[in-house]
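A short reminder: the numbers here are calculations on the coordinates, not readings from a lab. Treat the numbers as computed from the prediction; the structure is a model and nothing was measured. For neighbour counting, all protein chains shown are included, and Cβ atoms are generated from backbone atoms with ideal geometry for every residue, glycine included.
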Amino acid sequence: MSNFEVLKTNGLARQAVLATPSGAIQTPVFMPIATVGSVKTMLAEEVKSIGAQIILGNTYHLLLRPGPELLREVGGIKKLMNWQGPMLTDSGGYQVFSLARLNKIEEKGVTFHSHIDGRSVEITPEISMDVQDAIGSDIMMQFDDVAAGVSTRERYEEAMLRSLRWAERSKAAANKARQIFGIIQGGTHEDLRARSLEGLVNIDFDGYAIGGLSVGESREDTFRIAKHIASKMPTDKPRYFMGGGMPEEIVYYVSVGIDMFDCVLPTRNARHGQIFIWAGDPAECVKEAFSRAQEGAADFRIAEALYQKIQITNEPFTADMSPIDRYNDVPTSQTYSKAYLKHLFKAGEMLGLRLATLQNVRFYIRMMEELRKLV
RNA sequence: GGGUCGGUACCGAAGUGGUCAAACGGGGCAGACUGUAAAUCUGCUGGGGCAACCCUACGAAGGUUCGAACCCUUCCCGACCCA
């Protein structure tokens with residue numbers, strides 16, 4: 001019995017339901033990131049109330065703090081943070097890339113120097129699976145080796161082959177009660193990507209993810225590889241684009257048949273004062289953007305149909321008493337003004353971070369809701 | 001009335017003969033951010049539309065010197081102390 005069912009398609013795009021032990025997820029879906037046990041600035045009930053179906057946790061960060069022993073003792077991170085829905089956990093593989101200066105890769109696994117206290121911490125595929133189990137994940141990711149977006153073909157191939165070997169060990173070590181996804185590597189090379197996918201399908205996972213994109217390569221390469229590999233991925237399993245991206249990217253990836261997304265941009269950029277504001281009525285914006293994506297329009301043309309990106313701290317908003325975003329249905333974006341939001345940022349008030357995060361995360365989730373209607 | 005210490009760019013504050021259009025903070029103005037070491041990071045912030053360069057500048061006016069924000073004189077302003 002499959003836990004993934006495609007309900008409808010539109011061109012290459014799919015609408016589907018993914019069942020997890022903690023509830024079903026409608027796809028295409030955007031998954032807000034709660035790296036260390038919170039979607040930064042938001043209460044778990046707020047995350048739920050703005051429509052999030054599933055959130056992410058991170059193995060590396062939760063392994064360091066609070067650690068697997070405590071997580072097992074209290075019944076997992078979801079219980080600790082009061083999140084009742086599904087959770088997907090990244091394996092720590094991304095930190096092999098983002099914390100490259102603090103780690104050493106070997107065949108057995110990766111040794112990190114903790115960014116918190118410098119102590120040496122080992123993550124192997126087996127340790128990653130054990131920690132993800134302790135976290136209480138519904139969907140675990142295999143431990144992988146992520147090569148930077150400017151790597152040589154040799155480095156891409158090395159990372160891809162090692163990820164494949166680690167995929168096998170991850171699958172073998174995984175708690176069978178949980179789902180586990182494999183991760184396609186291979187950088188910007190289609191043949192390497194194809195070999196990666198083939199190897200993963202032979203191992204057989206509950207879903208397949210496209211990893212190692214949006215890590216420094218050109219947007220053109222990202223789109224090219226995403227489209228190419230999506231067309232080769234199994235149709236009866238969820239497809240997950242890891243870590244991407246800007247709204248126009250997600251619309252594009254949905255149009256080529258990808259189902260799941262996560263990205264720090266809505267939350268991090270919110271804390272940095274960058275706000276995504278609807279260009280008009282969301283249903284119409286997304287409809288236009290999706291149709292442009294299906295026609296293969298340039299990314300900036302998809303973007304301009306969707307939103308305007310503003311830096312709320314900029315001078316023009318000083319006395320702008322209009323709502324943060326009249327088209328965003330999160331109540332705080334209607335009742336609070338741009339001028340107030342700017343003031344909160346300038347004054348260093350925490351409330352500003354919250355209002356901005358609510359706005360951006362709801363923007364992303366609403367975009368997915370509208371996309372689901374179009375498929 | 002006497003004395004002491006001060007007056008530096010939007011603000012605070014270094015600098016005390018050349019390498020000073022002037023460190024560093026803050027503020028201001030922009031930019032970046034893609035499976036979160038990020039409420040972070042980067043750039044600009046006297047004028048001439050950029051570089052060399054030129055102009056105006058370190059309370060004011062004179063002076064010493066090849067050369068002054070830095071030394072001297074007087075004045076103005078501030079803080080503190082003594083009468």
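Within the stretch A:229-243, being under 21 Å from residue A:17 (Cα atoms) and either more than 11 Å from RNA strand B (Cβ to nearest atom) or among the aromatic types (Phe, Trp, Tyr) (or both) holds for A:230, A:231, A:232, A:233, A:234, A:235, A:236, A:237, A:238, A:239, A:240, A:241. From A:196, A:214, which residue is of a type in the set (Gly, Ala, Ser) and out of contact with any Asp or Glu (no Cβ under 9 Å at 6 or more places or on another chain)? Unique residue meeting the criteria: A:196. Inspect the stretch A:218-228 for any residue being more than 14 Å from RNA strand B (Cβ to nearest atom), within 17 Å of residue A:192 (Cα to Cα) and touching a Lys or Arg at 6+ places or on another chain (Cβ under 6 Å) and give the result as yes or no. Within the stretch A:218-228, not a single residue is more than 14 Å from RNA strand B (Cβ to nearest atom), within 17 Å of residue A:192 (Cα to Cα) and touching a Lys or Arg at 6+ places or on another chain (Cβ under 6 Å). Kindly indicate the residue of the stretch A:19-42 that is under 16 Å from the mean Cα position of the chain (by Cα) and away from RNA strand B (no atom under 16 Å from the Cβ) and also surrounded by the fewest Cβ atoms within 10 Å (Cβ to Cβ) among those meeting that condition. Top of the filtered list is A:26.
Out of A:276, A:317, report the one residue that is surrounded by 20 or more Cβ atoms within 10 Å (Cβ to Cβ) and free of Cβ contacts under 8 Å to residues at least 60 places away in the same chain. Walk me through it before giving the result.
Values: A:276 fails: free of Cβ contacts under 8 Å to residues at least 60 places away in the same chain.
After applying the criteria, what remains is A:317.
Considering only the stretch A:193-217, state which residues are without any contact (Cβ under 8 Å) to a residue 40 or more places away in the chain and within 19 Å of residue A:153 (Cα to Cα). So that I can check it myself, show each step before the final result.
Step one: of the stretch A:193-217, the residues without any contact (Cβ under 8 Å) to a residue 40 or more places away in the chain are A:193-204, A:208.
A:193, A:194, A:195, A:196, A:197, A:198, A:199, listed by residue number.
Specify the residue that is farthest from residue A:206 (Cα to Cα); the eligible residues are those in the stretch A:16-33 that are of a type in the set (Val, Ile, Thr) and touching a residue at least 60 places away in the same chain (Cβ under 8 Å). This residue is A:33.
Could you pull out the residue among A:85, A:76, A:67 that is closer than 23 Å to residue A:330 by Cβ and in contact with a helix residue (DSSP H, G or I) (Cβ under 9 Å, 6 or more places away or on another chain)?
Exactly one of A:85, A:76, A:67 is closer than 23 Å to residue A:330 by Cβ and in contact with a helix residue (DSSP H, G or I) (Cβ under 9 Å, 6 or more places away or on another chain), namely A:85.
Of all residues in the stretch A:75-97, which are on the phi < 0 side of the Ramachandran plot and surrounded by fewer than 16 Cβ atoms within 10 Å (Cβ to Cβ)? Those that are on the phi < 0 side of the Ramachandran plot and surrounded by fewer than 16 Cβ atoms within 10 Å (Cβ to Cβ): A:79, A:84. Of all residue pairs spaced 6 or more apart or on separate chains, those with beta-carbon atoms under 6 Å, a first member in the stretch A:172-191 that is in contact (Cβ under 8 Å) with a residue 60 or more places away in the chain and under 15 Å from residue A:87 (Cβ atoms) and a second member that is β-branched (Val, Ile, Thr) and crowded, with 20+ Cβ neighbours inside 10 Å are A:179/A:139.
Of all residues in the stretch A:185-210, those satisfying the criterion of being surrounded by 18 or more Cβ atoms within 10 Å (Cβ to Cβ) and either within 20 Å of residue A:18 (Cα to Cα) or acidic (Asp, Glu) (or both) are A:200, A:205, A:206, A:207, A:208, A:209, A:210.
With respect to (1) on the phi > 0 side of the Ramachandran plot; (2) buried (at least 21 other Cβ atoms within 10 Å of the Cβ); (3) of a type outside the set (Val, Ile, Thr), the lone exception for residue A:296 is condition (2). In this structure, residue A:246 does not satisfy being more than 29 Å from residue A:352 (Cβ to Cβ) and either polar (S, T, N, Q) or surrounded by 17 or more Cβ atoms within 10 Å (Cβ to Cβ) (or both).
For residue A:36, the criteria (1) in contact (Cβ under 8 Å) with a residue 40 or more places away in the chain; (2) within 17 Å of residue A:79 (Cα to Cα) hold in every case but one, which is (1). Which numbered condition in (1) under 20 Å from residue A:242 (Cα atoms); (2) part of a strand (DSSP E or B) is the only one that residue A:53 fails? Condition (2) is where residue A:53 drops out. Annotation for the stretch A:141-149: at least one member residue is touching a residue at least 12 places away in the same chain (Cβ under 8 Å) and touching an Asp or Glu at 6+ places or on another chain (Cβ under 7 Å). I'm told residue A:9 meets every condition in (1) within 12 Å of RNA strand B (Cβ to nearest atom); (2) among the hydroxyl-bearing types (Ser, Thr, Tyr); (3) in a strand (DSSP E or B) except one. Can you identify the failing condition by its number? Of the numbered conditions (1) within 12 Å of RNA strand B (Cβ to nearest atom); (2) among the hydroxyl-bearing types (Ser, Thr, Tyr); (3) in a strand (DSSP E or B), the odd one out for residue A:9 is (1).
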